[in-house]
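Asker: Please find one structure pasted underneath; my questions will follow.
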Amino acid sequence: MKLGLRGKILAIAAAVFAVAMGVAVSASGYVFAARLTEVQLARSTAIAGGLAAQLERILSLGIRLNGLQGFEEQCAQAVAANEGLAFALVANGEGQVIFASGDGVPAESGHVRGVLAGAVTSGRLDSDALGVGNLSVAAMAAAPGGERVAVVAVGFPKRLVEAERNRLLAWTLVSGIAALAAGLGLLFAALSAYAIRPISALVAYIEGLRDGDLRRPHLPSVGADELGVMVDGFNRLLDRLDQREAELVQAKEAAEAASRAKSTFLATMSHEIRTPMNAIIGLTHLAKKAATDPVQKDKLQKISGAADHLLHVINDILEMSRIEAGGLRLSEEDLRIEEVFAAVVNLVAGKAEAKGLRITTGAAPGLPPVLRGDAHRLRQILANFAANAVKFTERGSVFLNALPAGLRGDRILVRFEVQDSGIGIAARDRDRLFRPFEQVDGSEARRFGGSGLGLAINRGLTHLMGGEIGVDSEPGRGSTFWVTVPLARGQETRPAPAKDDGDARLPPRTRVLVAEDNPVNQEVVLATLRDAGVAADLAENGAEAVAMAGRMDYDLILMDMQMPVMDGLEATRVLRATPRNARTCIIAMTANAFDEDRRRCLAAGMDGYLAKPVAPDDLVAAMLRWIPVKPGPAARGAPPALAPAAETAALDRLEALLAADDMAATRACRELAPHLRACLGDRVDSFEREVGAFDFQAALATLRAARRTAAADT
């Protein structure tokens, strides 16, 4: 049994008291027995002396000891008159007992006779000499001439002393136990009043603080003793904690205010930069298409490259901000290493070819053909590595490699490396590489350019994926940037046939409504749509867009977020509330490029989101994904039934959109809504909730599980 503080103190006190009581009882018993024996011996000595005096008076009359008669009566009277006396006897000089009375008379024996004869001779008698069970004393009787002629001996039993001693011990023990109980009771009350109750209150207070109850009143003072000093000190500590908490709250509010100010600043600057960037990129694209002079085309191409570079810097800053704010969400999808490498090589192949660099890839044969992880973020990390490798390598090659690095639970640790033959990095500079806005040194920054955010973004993404990142390098001998990430084993499936979009065009008679208030952006978007053969109408604010969509059916509405009179979010909510536009495809095309802006657009009822600046080719490609094939007038009320092959293709496309975290998945889900119930069965409600919450990875898992079940049943 586990004792508390009070129980431990009481147990210690009881043990100490019990030891002390045992010592006291033992000592008192010994002292009492010795004293009682002494008293009893003195009493017996007096009785023996009285009998000896009587005997001497008789002998003084001239009566010889051997002729004396009837002295047994005096012995018997002495035994009867003195309670506890065992025997009385008279022995002559030869030790022969002449007169005796009592129950404890020693049996006649040579030993007894010798002892009595020795007593007559020596004048003394050992108290234990006549018997083990008795204590005895003696008095000498002398003849008229003074010669000792007899010994008078009396004795009392040892059990008398032992019985008295035992009674004393029993009484002492009972009274000691009573005193112990009373003492423990008083100690318990004192401990409760002066120690345990304050300590228990202190413990309860500390438990409350541990559970987060920081608003409790202070403990009451318990006096000026040590415990009181401790309680007062604890209250002072609480005052310091309250002060520190107030300071922390103030600092937290200041940090949150700074974070909000930072987010507001980034959002404002992003919007203000992206809006003219959209015009620059769009107008440059249109000008390049119309230009015939090679010199003009070259200058426009340089303008386009500079705009792309500026857009890349802006995107890096926003990406770093999302990582620091914890706003990035990883996805999980099947990936093939060779496909990831191919995508990375395609991104840097042009610059590598211009510098005469050779790019090669490889993978260890022990790796599974299909893995699962966030393919998009993995490509982003390797693309940053590869772009730096090409940037800092003047001649030679760049090599992308993948090899197994162990296991972590049920996942495979895969090490990806990007090796180059470039300038290399000194050991003292390696730690700075992965910090935001850091480069090796100022001269290198001026020579090669760049914001210094790519590797910092890589580090943040790697940590989100649960991996490690680093670099091995020597000046003049190139560098190997590496990242190790845990990836799950994927399932080998037959890839769906790729759709050739090289000659893809928008459906005929496509009609688009553009809601945009910036005149330059209006010109860019309308010109892009004209070149794509799309009829487009313009609304300069949300209210005009609502009015125009109420009069005419549109296949697609491109909706800016920030517009006068009525913004794009409110306009979308109004349109979704009308039967005519409940299912019209509405795409945000805005310079608000944060994730929270995307969530606000989707929450308002938009189907997709395009962040400005949007390159004309990207706008057309996005419209190809979003605008469905027009049904005939009779089929507008209900979607046509799909053939099995068409339904399979539609579900494959939906899977691909969900896996890519593409917002076009919401539109595809609405188009397939009547067919999803047959495919998903009981899972359709949870699937719709997951899509509605934009949890595309959970929706993807639900869809794939349902399709596997359906395939197994068939």
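The values are calculated or read from the model by the stated rules, or taken from the named source; none is laboratory data. Values in this document were obtained by computation on a predicted structure and should not be read as measured data. So basically every Cβ, Gly included, is an ideal-geometry build from the backbone, and we count neighbours across all protein chains shown. Only protein heavy atoms, including side chains, enter the accessible area calculation; ligands, DNA and RNA are left aside. Shrake-Rupley method; radii C 1.70, N 1.55, O 1.52, S 1.80 Å.
Asker: Assess whether G396 counts as being touching a Lys or Arg at 6+ places or on another chain (Cβ under 8 Å), modelled with pLDDT of 85 or more and open to solvent by less than 50 Å² (accessible area, probe 1.4 Å).
Answerer: Yes: the conditions hold for G396.
Asker: Let me ask you something else. Pairs only if they're at least six apart or on different chains, beta carbon under 6 angstrom, first in region 464-481 and farther than 11 Å from A426 by Cβ and outside any strand (DSSP E or B), second open to solvent by 10 Å² or more (accessible area, probe 1.4 Å) and polar (S, T, N, Q); list them, first residue then second.
Answerer: G467/T484; G478/S421
Asker: Pick out, from region 319-430, the strands (runs of 3 or more DSSP E) lying fully within it that include 1 or more residues that are touching a Gly at 6+ places or on another chain (Cβ under 6 Å).
Answerer: By residue number, 333-335, 371-373, 397-408, 411-420.
Asker: Just to be sure before I move on: is A100 within 18 Å of P157 (Cα to Cα), in a helix (DSSP H, G or I) and open to solvent by 30 Å² or more (accessible area, probe 1.4 Å) in the structure I sent?
Answerer: no
Asker: A further question on this structure: Please indicate, with yes or no, whether at least one residue in region 20-43 is of a type outside the set (S, T, Y) and either over 20 Å from R165 (Cα atoms) or assigned to a loop (DSSP other than H, G, I, E, B) (or both).
Answerer: no
Asker: Output the residues belonging to region 383-413 that are in contact (Cβ under 8 Å) with a residue 60 or more places away in the chain and of a type in the set (A, V, I, L, M).
Answerer: Within region 383-413, A387, A389, A402, A405, I412, L413 meet the criteria.
Asker: With the structure loaded, tell me whether L41 is at pLDDT below 80 and within 18 Å of G155 (Cα to Cα) or whether it fails that test.
Answerer: Judged against the criteria, L41 is a match.
Asker: Related question: Considering (1) farther than 23 Å from E56 by Cα; (2) at pLDDT below 80; (3) open to solvent by less than 30 Å² (accessible area, probe 1.4 Å), say which one P106 fails and leave the rest.
Answerer: (2)
Asker: Are any of the residues in region 36-48 in contact with a strand residue (DSSP E or B) (Cβ under 7 Å, 6 or more places away or on another chain) and small (G, A, S)?
Answerer: Yes - at least one qualifying residue is present in region 36-48.
Asker: For region 65-92, give me the residue count where each residue is of a type in the set (G, A, S), farther than 23 Å from L160 by Cβ and surrounded by 16 or more Cβ atoms within 10 Å (Cβ to Cβ).
Answerer: Within region 65-92, residues that are of a type in the set (G, A, S), farther than 23 Å from L160 by Cβ and surrounded by 16 or more Cβ atoms within 10 Å (Cβ to Cβ) number 1.
Asker: Spot the failing condition for V483; the list is (1) within 20 Å of L367 (Cβ to Cβ); (2) modelled with pLDDT under 85; (3) open to solvent by less than 10 Å² (accessible area, probe 1.4 Å), and only one is missed.
Answerer: V483 satisfies all of (1) within 20 Å of L367 (Cβ to Cβ); (2) modelled with pLDDT under 85; (3) open to solvent by less than 10 Å² (accessible area, probe 1.4 Å) except (2).
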